[in-house]
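Working notes, beginning with the structure itself.
The values are calculated or read from the model by the stated rules, or taken from the named source; none is laboratory data. The structure displayed is predicted, hence computed values, not measured ones. Note: ideal-geometry Cβ built from the backbone for every residue, glycine included; neighbour counts use all protein chains shown.
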Amino acid sequence: MRRNFSSAAFSHRTKIDWAYRIQWLLNEQYPEAEKIILVMDNLNTHTISSLYEAFLPEVAFSLGHRRFSDISILNSELAVWYTKRNQSQKGVDWQFKETDARIKLKKLYPVIV
């Protein structure tokens, strides 16, 4: 399910407002999600530092990162991730042929004399 969390949808656009929206998203809307991908513009409030301005360091850190206590746990989780990723990999859907690319992107190709 996709939801629109654009800054235009809210009356305020401060770092603190953004941080609380992120907290709401992670803790209330999708508390069981393994991964949440945020697509954001480059507004200066959309940074990790906003979390640290709004919350105590341990809360801010918990919203933005995950730590592993042991290298073997990290390696184990990475192995699960890359195995799953490699098994679900799709082919590349090229949008045009090489000859079309040489025309459209001619400045990137060397001139052979």
*What tally of residues in the stretch 49-94 results from selecting those that are in contact with a helix residue (DSSP H, G or I) (Cβ under 6 Å, 6 or more places away or on another chain) and either outside any helix (DSSP H, G or I) or under 19 Å from residue 34 (Cα atoms) (or both)?*
4
_Residue identified as under 25 Å from residue 14 (Cα atoms) and of a type in the set (Val, Ile, Thr) among 83, 45_ = 45
_Filtered residues of the stretch 32-88 (kept if surrounded by 14 or more Cβ atoms within 10 Å (Cβ to Cβ) and either at positive phi or of a type in the set (Asp, Glu) (or both))_ = 53
_Those residues of the stretch 54-84 which are over 30 Å from residue 21 (Cα atoms) and of a type outside the set (Val, Ile, Thr), in sequence order_ = 70, 72, 75, 76, 79, 82, 84
*Search result, residues across the stretch 96-113 that are surrounded by fewer than 10 Cβ atoms within 10 Å (Cβ to Cβ), modelled with pLDDT of 80 or more and not in a helix (DSSP H, G or I)*: 97
*If residue 46 passes every condition in (1) assigned to a loop (DSSP other than H, G, I, E, B); (2) free of Cβ contacts under 8 Å to residues at least 24 places away in the same chain but one, which one does it miss?*
(2)
